[in-house]
Amino acid sequence: MTWGAVLALAGGTYALRLAGLVLRGRLRLPPAVERLVDLGATALLVALVATAALLDGMAFAGWARPIGVAVGALAAWRRAPFVVVVLLAAGTAAGLRALGVP
Amino acid sequence: MPEVRSLLRALDPADVRDALALATAIVVVGASFGALAAAAGVPPLLTVALSLLVFAGGAQFLVVAVIAAGGGVAAAVTAGLLLNLRHLPFGLAVGDTVGRGWAAKLVGAHLLVDESVAFSRARPDGPRARAAYWFCGLLLFTVWNIGTVAGMAAGSAVPDPDAFGVDAAFPAGLLALLMPALRRPDARRVGLAAAVLALLATPVLPPGLPVLVGLLGLLVAGRPSTEPAERSR
């Protein structure tokens, strides 16, 4: 690791973050496009959830994690409080691992 | 920022509690990052700089892994930036929430992470969403950096976060934050397509791109849902 790497990554990441915010302020988006921007953020977040729930890098993450996420998802769907969802997901995955489930 | 006091007034106690739950998980992951970077031989000052200046967990783990595996600096930076490309569309989506002034944008940009985006989008638009974004972002930035330093200090004494199920807590927490949006049929359609496409793309594309491929889920956006559901987000 070098300072060059850290600063390049930091600068690039900051530029990406700022670009979206500034563009949003500059553009007058018609409602239909605004809806797509909003749905696009949902699409990205759901894609993040799906890959993070099931995969570790490019390989299957094992059963404990997706089962934990599924239990949390069910609780969220039933409108359980956020803290309960997070604790249920973590507790389920941790419990399964303690039992030897990968 | 310009109206710190009005932001604090708009902050909902329930949002504070939820952000603290997220922060607990983030501090554990931050500690594991600090410990891992130390084990990989990253100089302490650079590890601290990564967490302070990059503040993107996935990219930080990735660059350390690429360099530890003998990849070059350029390859590591490229991989990290690819992973962070999603921040641009996220910025487009939350631009109005973060604030309109330059000061708000310049500072708020650094606090833009998956969690602060999802967290603010889960609140009704307006002051409450803005307060949620800033509180969540500032809190996570603080605990991420505290966690990093603690992890560097504790080194191999840091337990594997997976033992606590932290790896399951994050996707489940994000999903819980998405739930209000996903009660809209068009969002559910798009989300399902995005998930399938991202999973299919993972074996063939470098990290970061599969999630962006999820944007193709917009192809099934169709017409706006007319049923009011509850709140759209």
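All of the numbers you see were taken from the coordinates with simple rules; none came from a lab. These numbers come from a predicted model, not from an experiment. All Cβ positions, even for glycine, are placed from backbone atoms using ideal geometry, and neighbour counts span all protein chains on display.
Miscellaneous remarks
- The residue list A:5, A:27, A:55 was ranked by how far each Cα lies along the charge dipole of the range A:1-57 toward its positive end, using unit charges on Cβ atoms, and A:27 comes out on top.
- Across the range A:79-84, computed HN-Hα scalar couplings (Karplus, 6.51 cos²θ - 1.76 cosθ + 1.60, θ = phi - 60°) run 6, 5, x, 3, 4, 5 Hz from first to last residue, x flagging Gly and Pro.
- Within the protein assembly as shown, helix-based [θ] at 222 nm, where runs of 4 or more DSSP H residues each add -39,500 (n - 2.57), nearest 500: -23000 deg cm²/dmol
- In nm, spacing of pseudo-spin labels at residue A:32 and residue B:100 (7 Å Cα→C-beta vector): 2.7
- Estimated vicinal HN-Hα couplings, Hz - the range B:165-170 in sequence order (Karplus 6.51, -1.76, 1.60; Gly, Pro = x): x, 4, 5, 8, 5, 5
- Fully extending the segment from residue B:45 to residue B:204, taken as 0.36 nm per residue of separation minus the present Cα-Cα distance, adds 53.7 nm.
- Ranked by how many other Cβ atoms sit within 10 Å of their own Cβ, fewest first, the residues A:33, B:63 fall in the order A:33, B:63.
- Counted by neighbouring Cβ atoms within 10 Å, the residues A:27, B:83 run from fewest to most as A:27, B:83.
- For chain B, the residue among B:126, B:76, B:54 whose Cα projects farthest onto the positive side of the dipole built from Cβ charges is B:126.
- Loop sites in chain A: chymotrypsin sites (Phe, Trp or Tyr not before Pro), DSSP, at most 15 other Cβ within 10 Å: A:63
- In this structure the amide hydrogen of residue A:55, modeled in the peptide plane, comes within under 5 Å of the amide hydrogens of A:61, none closer than 5 places in sequence on its chain.
- Gap separating the Cα centres of the range B:130-179 and the range B:1-67, nearest whole Å: 7
- In terms of other Cβ atoms within 10 Å, A:28, B:86 run from fewest to most in the order A:28, B:86.
- Dipole of chain B, positive direction: furthest Cα of B:215, B:165, B:203, with charges on the beta-carbon: B:215
- Charge dipole magnitude, Cβ of K and R +1, D and E -1 - the protein assembly as shown, Cα centre, debye nearest 20: 920
- Karplus-derived 3J(HN,Hα) values for the range A:41-48, using 6.51 cos²θ - 1.76 cosθ + 1.60 with θ = phi - 60°, are 5, 4, 4, 5, 5, 5, 4, 4 Hz; glycine and proline are entered as x.
- Paramagnetic reach from residue B:125 in the range B:75-115 [backbone N under 14 Å; point 7 Å along Cα→Cβ]: B:93-99
- Here the dipole of the range B:4-177 is about 620 debye; that uses its Cα centre as origin and unit charges on the Cβ of Lys and Arg (positive) and Asp and Glu (negative).
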